[in-house]
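Enquirer: Here it is: the structure, laid out below.
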Amino acid sequence: MKFRIFGRVALALAASLVLIGGMDSCHYDYTEAYVIVTGSQYNQVASYLEQNETGKLFAAPGDPLSSGGYNPIRAVVLTGGRYVYVLNEGKPTMDSSGNITWSGGNISLFSIGGDGGLSYQLSYPTVGNGSIRLAISSSGNFLYVLDQYQPSGTLYTTPASTSQSAAFPCYDSTNGVYRPAADVSVFSIDTNTGRLFLIQNQQTQNPVTHQDLSYFPLGCGVVDFHQASGYLYTVENSDPNNTQSTGPVPTGTGQVVYPYQTQTTGQLLQAPGGSQVLDGTENVTVIAGSQSGSWIYVLDSGTNLIYTFTTGGNGLLSAIASAAQPNYSGTSGMSALTTDSSSKFLYITNTQSPALGFSTSVISAFQITAGSGILQQLPESPYQTGSDPVCIFEDPSHQYMYTADGVSNEITGKAIEPQTGILGNLPKGSGFPTVGTPTWCTYSANTD
């Protein structure tokens, strides 16, 4: 009898230990986020499940999928995490006169399922041609699209001219012709379904039809844009008001940042302060902000300098005391940036690092001085990553950093040491295969 009682107690204790062990495992090992990656080799988009305990990535069921067009170049996740917009730049075909015909350019909408898999919903035509960037407003109600060229009289065509005019202000040095200027198009978002509805420009009318434009005009040679503090900042090669520009600015004279006020109606208004020349810049590749919103960074790959700004009156950017600070010596090709969640550290992807003796690309890291924003190089960096990184982000658990790498066709994960900013390898492998020729990466934190 005593033996039976003892046996029952032992059995109950063993069962309790198993249960506790199982609860402990479930507590730590779950899907933290869905990582979304676009790739241009096969025009694809894919979702991956991020394991919270190790940072390891697993392909979602049914992925990858067709991006719904040609050359997917960017993706953004709608607030709430259940819809993804993929921007397909399109495939350009040029004739002997320099006219470009675009095919497969659009915005494709995907829903994210409970297992992380993507489901194609529908596509929307872009307003202009050669779309290169998209962003969602801070309110989550509008989608902004940056087009290299305004629409012309012929659908999906960017015409060329041998002479400069108001309709063809921008010089294309590659082909020796003039082309239309750039634009931003704005869509309102039905946040319940993700569907898009084009916003008309109520400030400017077509001089021929006298109807509101379907876009908001910019200048020549757009590079990137960033939304912060009620403004949309564009980086361009010429001032939007200067129709006599003959293309890219001379080396060393600087590119242009132009702020546009973002309205609750979706309208974009030219900021009263006007455009700002970034003195000395040669090849700006990125404009982006810290997660806190305190700092705006401009990366100039031509000089390998990092410019730090705050937002001032009328949307004008105000440079910090040491505005232009050098990136790591020996690196080149700054392609993307992010900060950690506390905005204590800045991370920049670099496509080349031959002088540092690395066979692959690197992530350069800096400590952000509180208050002043001055950058201090972390002595432990740079950190190796996959070849030709095109994007970088910190995961929602603030444990890991990921890049998508365009040449090595992989996603590289790094573990973050939150106190020092140091990046280390993941415990169970840091490289994960992904779609061919990755072009962008982002994530959804909604895994419920």
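The values are calculated or read from the model by the stated rules, or taken from the named source; none is laboratory data. In this text, all values refer to a predicted model and were calculated from it rather than measured experimentally. Cβ sites come from the backbone with ideal geometry, for glycine too, and all protein chains shown count toward neighbours.
Enquirer: Scan segment 390-438 residue by residue and report those that are under 17 Å from Ala75 (Cβ atoms), crowded, with 22+ Cβ neighbours inside 10 Å and among the hydroxyl-bearing types (Ser, Thr, Tyr).
Expert: If the condition is that a residue be under 17 Å from Ala75 (Cβ atoms), crowded, with 22+ Cβ neighbours inside 10 Å and among the hydroxyl-bearing types (Ser, Thr, Tyr), then Tyr402, Thr403, Thr434 are the ones that fit.
Enquirer: Select the strands (runs of 3 or more DSSP E) contained entirely in segment 301-362, then report the ones holding at least 3 residues which are within 24 Å of Tyr260 (Cα to Cα) and at pLDDT 90 or above.
Expert: 305-311, 317-326, 332-339
Enquirer: Where the second residue is among the polar types (S, T, N, Q) and the first is farther than 30 Å from Val45 by Cα and lies in segment 411-429, which pairs have Cβ atoms under 9 Å and are six or more apart or on separate chains?
Expert: Pro418/Ser341; Pro418/Ser342; Pro418/Gln399; Thr420/Gln367; Gly421/Gln367; Gly421/Ser381; Ile422/Ser381
Enquirer: Let me ask something additional. Would you tally the residues in segment 57-84 being closer than 24 Å to Glu410 by Cβ and assigned to a strand (DSSP E or B)?
Expert: So the answer is 12.
Enquirer: Go through (1) surrounded by fewer than 16 Cβ atoms within 10 Å (Cβ to Cβ); (2) closer than 16 Å to Ser214 by Cα; (3) under 21 Å from the mean Cα position of the chain (by Cα) one by one and return the number of the condition Ser111 breaks.
Expert: Evaluating Ser111 over (1) surrounded by fewer than 16 Cβ atoms within 10 Å (Cβ to Cβ); (2) closer than 16 Å to Ser214 by Cα; (3) under 21 Å from the mean Cα position of the chain (by Cα) leaves (2) as the failure.
Enquirer: With respect to the numbered conditions (1) surrounded by 17 or more Cβ atoms within 10 Å (Cβ to Cβ); (2) touching a helix residue (DSSP H, G or I) at 6+ places or on another chain (Cβ under 9 Å), which one is the sole condition not fulfilled by Ile296?
Expert: Result: Ile296 fails condition (2) only.
Enquirer: Applying the selection to segment 118-160, what residues are surrounded by 16 or more Cβ atoms within 10 Å (Cβ to Cβ), assigned to a loop (DSSP other than H, G, I, E, B) and either of a type in the set (D, E, K, R) or touching a residue at least 40 places away in the same chain (Cβ under 8 Å) (or both)?
Expert: Those that are surrounded by 16 or more Cβ atoms within 10 Å (Cβ to Cβ), assigned to a loop (DSSP other than H, G, I, E, B) and either of a type in the set (D, E, K, R) or touching a residue at least 40 places away in the same chain (Cβ under 8 Å) (or both): Thr126, Val127, Gly128, Ser137, Asn141, Gln150, Pro151, Tyr156, Pro159, Ala160.
Enquirer: Additional query: Can you list the strands (runs of 3 or more DSSP E) lying wholly within segment 387-444 that have 2 or more residues being under 19 Å from Leu337 (Cβ atoms) and either of a type in the set (Asp, Glu) or out of contact with any His (no Cβ under 9 Å at 6 or more places or on another chain) (or both)?
Expert: 389-394, 400-405, 410-416, 438-444
Enquirer: Something else now. Considering segment 282-300 alone, what residues qualify as being under 22 Å from Ile416 (Cα atoms), of a type in the set (A, V, I, L, M, F, W, C) and in a strand (DSSP E or B)?
Expert: Ala288
Enquirer: Can I ask one more? Inside segment 86-99, can you point out the residues that are touching a Phe, Trp or Tyr at 6+ places or on another chain (Cβ under 8 Å) and surrounded by 19 or more Cβ atoms within 10 Å (Cβ to Cβ)?
Expert: Hits for segment 86-99 are Val86, Asn88, Glu89, Gly90.
Enquirer: Also: Which one is nearest to Val407 (Cα to Cα) among residues in segment 348-363 that are free of Cβ contacts under 8 Å to residues at least 60 places away in the same chain and buried (at least 24 other Cβ atoms within 10 Å of the Cβ)?
Expert: This residue is Ser361.
Enquirer: Still on this structure: Does any residue of segment 258-268 turn out to be under 15 Å from Gly373 (Cα atoms) and modelled with pLDDT of 90 or more?
Expert: No, segment 258-268 contains no residue that is under 15 Å from Gly373 (Cα atoms) and modelled with pLDDT of 90 or more.
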